[in-house]
Amino acid sequence: MNGSIQWISWVKHGVVFGYLIAMYMFLISMAVGAHLVTLFAKAYYRDEDFLPLEKVGTFLPLLILLLMPFLLLVDMTHPERSYTMYYHWNWTATVAWGAYIMPLCVISYALHSFYLFRPEMMVAVREGRPGAGFYRVLLRDRIEAGSAAEIRQRQQKAERLWANLTIVFSFLALIYVGMRLSAFKGRVMVHSLAMVFIFMSLAASSGTGFMILLGRLKTAIVPLTQPALIKRNRFLVDFGVILKYALVAQLVIWVLYLIQLNFTGTGGKLAAYIFLGGPRAMQFWILQVAIGLILPFALVLFQSLRENSLASLVAGAATMLGVFFAVANLSIGSQLIPLTHLEWEKMAPEPFRTAFGIIVMVILFLLFLASYKILPYETPVSQKSEA
Amino acid sequence: MKKLGKDMDRREFLRGLGTTAAALGAGAVLIQAGDLVQAATPLKKYSMVIDTNRCIGCHGCTIACKSENNVPEGVFRSWVKQIIKGKYPHVKNHLLPRLCNNCEDAPCLNDCPTGATYRTPEDGVVHVNRDKCVGCHTCVLACPYNSRFINPLTGTADKCDFCYHRITKGLEPACVDACTGRARIFGDLNDPQSEVSLYLSKYPVQGLRTYLDTKPKVHYVYADEAILDLDYSFLSRR
């Protein structure tokens with residue numbers, strides 16, 4: 001139609017959703033993915049010894065979800081007005097839905113975490129262990145009698161209720177991040193229901209990678225008895241199996257998505273080209289596919305590799321990196337397509353925002369490690385059953 | 001105050017939670033009730049027709065808009081797109097004056113989380129309330145025409161509103177006033193005798209990305225297909 005265009009004058013618009021928003025969507029999908037994978041694994045094992053990993057898969061995502069709004073607020077030019085979303089909502093705006101879904105998700109995770117730690121906190125208060133004063137405040141001074149297992153038995157209903165609610169809100173959160181991109185009507189790369197499924201597959205793989213990485217680190221930091229260590233390692237090795245299938249699912253969904261793009265007119269073909277040979281090709285082939293998909297798959301393919309701590313640590317970290325770039329490729333790549341002119345949109349450098357995102361990630365990682373040392377993840381060995 | 005004490009059981013807690021949620025929901029609905037009531041059929045339907053045959057590419061509209069609306073450097077509410085097609089000696093110059101389409105089904109309005117983007121019910125013009133906009137950039141991405149930008153001075157979303165401060169006083173938008181070739185024609189589409197209605201009844205009309213069903217209210221006459229919607233395969237061939 002316009003192959004003979006020689007020259008064009010146009011106003012360029014650049015990229016408005018940069019790496020900070022990509023980080024926001026990546027961390028949400030990873031957090032809820034880690035939680036969902038943990039809950040489904042727990043339902044499969046039905047083993048008391050899985051409990052410390054369930055705490056990792058609930059409390060650490062809670063920390064992530066608590067810090068996430070800051071990424072969004074820093075990206076806004078008027079964050080001081082963001083509260084208006086809560087009463088001037090617009091039902092057709094996905095961000096308005098997110099303003100409700102994400103806090104509800106945080107509340108459900110917080111209450112689920114509370115019930116997971118509650119029995120151990122009670123035992124810690126009774127035995128005067130470190131943090132007893134803080135736990136007493138959290139428990140509102142209502143200390144029950146019995147061992148941690150007995151207390152857990154009594155609170156089973158409440159624990160299950162909040163666990164079920166976290167599942168509901170986790171799926172809503174994934175639908176929210178998927179629809180946050182798919183809502184952009186004129187952007188052919190993301191204006192598709194495929195986004196929701198892509199984010200679900202990304203959540204499954206990054207969440208499992210996260211659990212392997214943080215589970216292994218926890219095992220390295222917190223000393224365990226030999227039988228407990230053997231069992232913990234078995235769970236972590238099994239997470240490697242989950243990761244293997246999650247990566248296959250991610251690959252299948254991406255292949256289907258790229259095929260679908262090729263049948264979505266010239267805009268769709270261009271969107272596929274952005275990944276395969278265009279401006280995001282390096283990030284797609286090297287960071288997303290080679291490092292984020294093929295490397296972890298190779299590292300969790302065989303039982304011997306899954307049992308190797310270093311190999312599984314690398315597999316977990318590589319998966320997370322790959323998923324981050326998958327989200328960034330979708331979010332940033334969709335904005336590189338010019339809407340009616342003939343030059344790729346350019347992304348301006350964002351040193352402040354990128355630095356802020358990295359600082360948030362470092363803070364999160366330090367909080368994770370600190371929580372391993374402070375919070376009662378493991379059931380105390382010597383418990384007094386009497387109050 | 002017994003219910004707020006330690007003896008509250010789960011049923012009471014859930015009942016209280018439900019009542020509070022219902023009260024908050026009702027309050028929020030009441031806040032928006034005014035907007036909902038006003039969203040009736042507009043009395044006027046402001047629209048613009050641009051006859052591209054009359055455009056001489058002087059960029060007078062761009063400058064008039066910048067001057068009228070204090071649009072900062074580097075961003076535009078209105079501008080002129082230009083392409084040159086063909087090879088010498090068969091070269092053609094095409095021009096397409098651009099501005100916000102003030103769509104009837106505006107994606108920017110649908111995606112605004114705070115209601116900062118709104119439509120005046122009496123005339124259908126889409127506006128940005130600078131006091132409500134949080135600068136989340138969502139509308140900038142949602143607009144399929146790249147007609148929005150974040151104003152570097154105010155930090156809020158910005159776009160053309162047909163010079164609302166002028167049209168409500170009976171004047172024409174600044175770009176229409178400044179157009180040398182009278183390529184831009186503005187008026188009320190609900191008035192069959194307005195210049196814009198008469199023009200639309202005489203000529204076949206084109207629009208930008210009409211397949212998106214946004215119902216743009218800026219119409220074009222005699223625009224080249226290549227300037228309206230580009231063939232993206234050009235980019236992948238390079």
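The values are calculated or read from the model by the stated rules, or taken from the named source; none is laboratory data. Remember, it's a predicted structure, so these values are computed and weren't measured experimentally. Here Cβ is always computed from backbone atoms with ideal geometry, including for glycine, and neighbour counts include all displayed protein chains.
Brief remarks follow.
- Residues being in contact (Cβ under 8 Å) with a residue 60 or more places away in the chain, within 19 Å of residue A:34 (Cα to Cα) and not small (Gly, Ala, Ser) - total across the stretch A:305-358: 7
- Scope the stretch B:85-100; condition within 9 Å of chain A (Cβ to nearest Cβ) and of a type in the set (A, V, I, L, M, F, W, C); matching residues: B:91, B:96
- Of the residues making up the stretch A:342-351, none is at pLDDT 95 or above, surrounded by 17 or more Cβ atoms within 10 Å (Cβ to Cβ), among the hydrophobic types (A, V, I, L, M, F, W, C) and within 29 Å of residue A:189 (Cβ to Cβ).
- Checked against (1) out of contact with any Lys or Arg (no Cβ under 6 Å at 6 or more places or on another chain); (2) within 14 Å of another protein chain (Cβ to nearest Cβ); (3) under 30 Å from residue B:30 (Cβ atoms), residue A:105 meets all criteria but (2).
- When the stretch B:67-84 is filtered for residues that are touching a residue at least 40 places away in the same chain (Cβ under 8 Å), within 12 Å of chain A (Cβ to nearest Cβ) and within 17 Å of the chain's Cα centre (by Cα), the ones remaining, listed by number, are B:71, B:75, B:76, B:77, B:78.
- Residue check, residue A:138 out of contact with any Pro (no Cβ under 8 Å at 6 or more places or on another chain), surrounded by fewer than 21 Cβ atoms within 10 Å (Cβ to Cβ), within 13 Å of chain B (Cβ to nearest Cβ) and aliphatic (A, V, I, L, M): no
- Qualifying residue in the stretch A:24-36 (condition: among the hydroxyl-bearing types (Ser, Thr, Tyr), under 23 Å from residue A:352 (Cβ atoms) and crowded, with 23+ Cβ neighbours inside 10 Å): yes
- Top-ranked residue of the stretch B:201-224 - restricted to ones that are hydrophobic (A, V, I, L, M, F, W, C) and surrounded by fewer than 19 Cβ atoms within 10 Å (Cβ to Cβ), ranked as farthest from residue B:57 (Cα to Cα): B:212
Table: residues versus (1) at pLDDT below 70; (2) within 30 Å of residue B:149 (Cα to Cα); (3) within 14 Å of chain A (Cβ to nearest Cβ); (4) in a helix (DSSP H, G or I).
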residue: B:14; (1), (2), (3), (4): no, no, yes, yes
residue: B:19; (1), (2), (3), (4): no, no, no, yes
residue: B:22; (1), (2), (3), (4): no, no, no, yes
residue: B:30; (1), (2), (3), (4): no, no, yes, yes
residue: B:34; (1), (2), (3), (4): yes, yes, yes, yes
residue: B:49; (1), (2), (3), (4): no, yes, no, no
residue: B:55; (1), (2), (3), (4): no, yes, yes, no
residue: B:58; (1), (2), (3), (4): no, yes, yes, no
residue: B:65; (1), (2), (3), (4): no, yes, yes, yes
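- Selected residue (criterion: nearest to residue B:110 (Cα to Cα)) from residues of the stretch B:137-163 that are of a type in the set (S, T, N, Q) and more than 7 Å from every other protein chain (Cβ to nearest Cβ): B:147
Yes/no per residue for (1) more than 13 Å from chain B (Cβ to nearest Cβ); (2) surrounded by 19 or more Cβ atoms within 10 Å (Cβ to Cβ); (3) not β-branched (Val, Ile, Thr):
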position: A:12; (1), (2), (3): no, no, yes
position: A:60; (1), (2), (3): yes, yes, yes
position: A:72; (1), (2), (3): no, yes, yes
position: A:78; (1), (2), (3): no, yes, yes
position: A:86; (1), (2), (3): no, no, yes
position: A:110; (1), (2), (3): yes, no, yes
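- Just one of the listed residues (B:203, B:199, B:232, B:222) is in contact with a Gly (Cβ under 6 Å, 6 or more places away or on another chain) and modelled with pLDDT under 95, namely B:232.
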